[in-house]
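The structure appears below as structure tokens.
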Amino acid sequence: MPLSSLVESLLFVADGPVGLDQLASALEVKTKLIEEALKELEARYESRGLKIQRSGDRIQLTTAPAAASSIERFLGLEAVAHLSRPALETLAIIAYKQPVSRPQIESLRGVNCDGVIKSLLSKGLIEEVGRVEAPGRPIIFSTTPDFLQHFGLSSVSELPPLETAAPESSGDASHSDLLKG
């Protein structure tokens, strides 16, 4: 059986993201060969209902985002709860700046983020990944594989480029209008 088929089988039965080293160890091959097999699977899945999702060096077999509504209907799932604007803003900061601490997030947003962070943690979209070596040792946060799956991404590198240019002061578009996007 081809290595890519064996990798596919292991990803299919895994209950979550799997490390490259774990796949290589289970199949008794080098990590480089696992990467080649994953590239082959990614190419094979381009026009199919499955995709390879990457989160760092961890890999997971997931359904294609385009199939989400059909899958929800088939499984009888309720409509996915939409994220509030503050939750989306906080999540965007974490996604682009990760790993990031609560004080850094609050500095960028200009408001307290306790409730929003608690909500994102409970939804599994972010996770605690450590502490900053600074006074108070604030917790640092990063996105999770569930974040990638929720937004139909294979990795955070697929996020659109961050636009950092300040709005023109000509009055054409206010900062508020830009956020309405």
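Each reported figure results from applying straightforward, stated rules to the coordinates on display, with no laboratory input. All figures in this text were calculated on a predicted structure; none of them were measured in a lab. Cβ sites come from the backbone with ideal geometry, for glycine too, and all protein chains shown count toward neighbours.
Observations on the structure shown:
- Taking N as its residue count, the alpha carbon Rg of the chain over 2.2 N^0.38 Å: 1.22
- Computed E for Glu133/His82 - FRET, C-beta separation, R0 30 angstrom, nearest 0.05: 0.25
- For the pair region 92-122 and region 125-167, the centres of their Cα atoms are 9 angstrom apart.
- Residue-span extension gain [Gln98 to Leu50] - 0.36 nm each, minus C-alpha spacing: 14.6 nm
- When Rg and the Kirkwood radius Rh are both evaluated on Cα atoms of region 22-105, their ratio Rg/Rh stands at 1.09.
- Folded to 0 to 90 degrees: helix 3-13 orientation relative to the chain principal axis, Cα: 60 degrees
- Taking 30 Å as the limit for the C-alpha separation, the pairs Lys30/Lys51; Lys32/Lys123; Lys39/Lys97; Lys51/Lys97; Lys30/Lys118 exceed it in the case of Lys32/Lys123; Lys30/Lys118.
- Shown is the FRET efficiency for Lys123 and Thr31, computed with R0 = 45 Å from the Cβ-Cβ distance and rounded to the nearest 0.05: 0.90.
- Equivalent-ellipsoid semi-axes of region 8-65, from the Cα gyration tensor, Å, largest first: 18, 12, 9
- With a cut-off of 13 Å on the backbone N, the residues of region 15-33 near the modelled label site 7 Å out from Lys39 along Cα-Cβ are 32-33.
- FRET efficiency, Met1 to Ser155 (Cβ-Cβ, R0 25 Å, nearest 0.05): 0.35
- Taking each residue as 0.36 nm, the span from Thr63 to Val111 lengthens on full extension beyond its C-alpha to C-alpha distance by 13.6 nm.
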